[in-house]
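**Student:** Got a structure for you, written out below as structure tokens; questions coming shortly.
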């Protein structure tokens with residue numbers, strides 16, 4: 001099965017082409033504002049490297065978040081356009097699921113983190129199981145101090161992966177029973193690996209059912225004066 005995967009939900013944008021679990025071409029860039037400018041040249045590069053045409057593909061994979069509004073929109077719109085033109089299914093993946101799948105731990109509870117900006121992170125708990133991970137709670141938006149208190153209250157050994165630098169130095173140094181590890185960002189090759197499980201199961205959603213995973217109001221609907229002085233996406 002020939003797959004094109006797109007991940008622009010976080011500061012790391014990536015495109016990957018693969019046959020089943022074999023990567024044929026990949027392009028990546030870390031730039032939280034450059035998703036749109038990255039996508040078309042990256043796709044052109046990867047198709048040229050693989051020697052494919054868009055009509056050759058069997059499925060499109062896209063990270064639908066949580067993450068940056070602009071990045072999620074750009075990735076999903078591009079994936080939908082390719083899938084519609086090629087007449088192939090589109091498989092959504094969750095940024096936190098992707099991070100947790102590649103986290104290296106045998107027993108610790110996994111907490112992947114995506115920086116949601118404006119002083120918040122998106123996260124959820126995962127349990128390592130043979131062959132993968134299982135999410136054990138809902139995806140939530142938290143402030144760093146709320147996340148620290150949450151981990152402290154659980155009193156369980158944890159592995160935190162993803163963009164954990166967004167937690168701040170005080171959380172990184174004061175949180176007990178916690179280790180920090182990789183990957184830092186979800187990437188298209190990891191998303192392709194996760195999506196293959198969906199494709200193999202045959203439980204692919206209809207194209208119209210694929211939606212972005214926004215955890216709060218879009219920026220255009222927010223009263224910006226309430227956030228004066230803060231950094232934004």
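The values are calculated or read from the model by the stated rules, or taken from the named source; none is laboratory data. Quantities reported herein were computed from a predicted structural model and do not represent experimental measurements. Heads up, the Cβs are rebuilt from the backbone with ideal geometry, glycines too, and the neighbour counts pull from every protein chain shown.
**Student:** Taking the residues in the stretch 193-217 that are surrounded by 14 or more Cβ atoms within 10 Å (Cβ to Cβ) and closer than 18 Å to residue 140 by Cβ as candidates, determine which candidate is modelled with the lowest pLDDT.
**Tutor:** Of the residues in the stretch 193-217, the ones surrounded by 14 or more Cβ atoms within 10 Å (Cβ to Cβ) are 193-199, 204, 207, 210, 212-216.
Going one step further and asking which of them are closer than 18 Å to residue 140 by Cβ, we end up with 212-216.
Numbers: 212: 95, 213: 92, 214: 90, 215: 85, 216: 72.
Of everything passing the filter in the stretch 193-217, 216 is modelled with the lowest pLDDT.
**Student:** Checking residue 37 against (1) more than 19 Å from residue 183 (Cβ to Cβ); (2) at pLDDT below 95; (3) in contact with a helix residue (DSSP H, G or I) (Cβ under 9 Å, 6 or more places away or on another chain), which single condition isn't satisfied?
**Tutor:** Status for residue 37: all satisfied but (3).
**Student:** Look through the stretch 160-192, keep the residues that are part of a strand (DSSP E or B) and buried (at least 20 other Cβ atoms within 10 Å of the Cβ), and return whichever of them is nearest to the chain's Cα centre (by Cα).
**Tutor:** To start, the set of residues in the stretch 160-192 that are part of a strand (DSSP E or B) comprises 160-162, 178-180.
Restricting the remaining residues to those that are buried (at least 20 other Cβ atoms within 10 Å of the Cβ) gives 160-162, 178.
Working: 160: 15, 161: 12, 162: 9, 178: 22 Å.
Among them, the one singled out is 162.
**Student:** Which one of these is in a strand (DSSP E or B) and within 20 Å of residue 1 (Cβ to Cβ): 121, 26, 113? Talk me through it step by step, then tell me what you get.
**Tutor:** Working: 121 fails: within 20 Å of residue 1 (Cβ to Cβ); 113 fails: within 20 Å of residue 1 (Cβ to Cβ).
None of the other options fit; the residue is 26.
**Student:** Can you list the helices (runs of 4 or more DSSP H) lying wholly within the stretch 30-102 that have 2 or more residues being surrounded by fewer than 18 Cβ atoms within 10 Å (Cβ to Cβ)? Explain how you work it out, then say what you get.
**Tutor:** Numbers: elements: 35-50, 69-86, 95-102.
Per the criteria, 35-50, 69-86.
**Student:** Can you tell me which residue within the stretch 130-142, out of those that are outside any strand (DSSP E or B) and either surrounded by 14 or more Cβ atoms within 10 Å (Cβ to Cβ) or out of contact with any strand residue (DSSP E or B) (no Cβ under 8 Å at 6 or more places or on another chain) (or both), is modelled with the lowest pLDDT? Outline the logic, then answer.
**Tutor:** Looking only at the stretch 130-142, we keep the residues that are outside any strand (DSSP E or B), and these are 130-131, 136-139.
After this cut, where a residue has to be either surrounded by 14 or more Cβ atoms within 10 Å (Cβ to Cβ) or out of contact with any strand residue (DSSP E or B) (no Cβ under 8 Å at 6 or more places or on another chain) (or both) as well, the list is 130-131, 137-139.
Details: 130: 87, 131: 83, 137: 92, 138: 93, 139: 95.
Among those that are outside any strand (DSSP E or B) and either surrounded by 14 or more Cβ atoms within 10 Å (Cβ to Cβ) or out of contact with any strand residue (DSSP E or B) (no Cβ under 8 Å at 6 or more places or on another chain) (or both), it is 131.
**Student:** On the given criteria, is residue 69 in contact with a helix residue (DSSP H, G or I) (Cβ under 9 Å, 6 or more places away or on another chain) and either modelled with pLDDT under 95 or assigned by TED's automatic domain parsing to the domain that holds residue 27 (or both)? Before you say what the answer is, go through the steps one by one.
**Tutor:** Details: in contact with a helix residue (DSSP H, G or I) (Cβ under 9 Å, 6 or more places away or on another chain): yes; either modelled with pLDDT under 95 or assigned by TED's automatic domain parsing to the domain that holds residue 27 (or both): yes.
Yes.
**Student:** Mind listing whichever residues of the stretch 196-217 are closer than 18 Å to residue 114 by Cβ and touching a residue at least 24 places away in the same chain (Cβ under 8 Å)? Can you show your working first?
**Tutor:** In the first step, residues of the stretch 196-217 are kept if they are closer than 18 Å to residue 114 by Cβ; the result is 211-217.
Correct list: 211, 212, 213, 214, 215, 216.
**Student:** Within the stretch 134-150, identify whether any single residue is touching a residue at least 60 places away in the same chain (Cβ under 8 Å), farther than 30 Å from residue 2 by Cα and touching a helix residue (DSSP H, G or I) at 6+ places or on another chain (Cβ under 7 Å), and answer yes or no.
**Tutor:** Scanning the stretch 134-150 turns up at least one residue that is touching a residue at least 60 places away in the same chain (Cβ under 8 Å), farther than 30 Å from residue 2 by Cα and touching a helix residue (DSSP H, G or I) at 6+ places or on another chain (Cβ under 7 Å).
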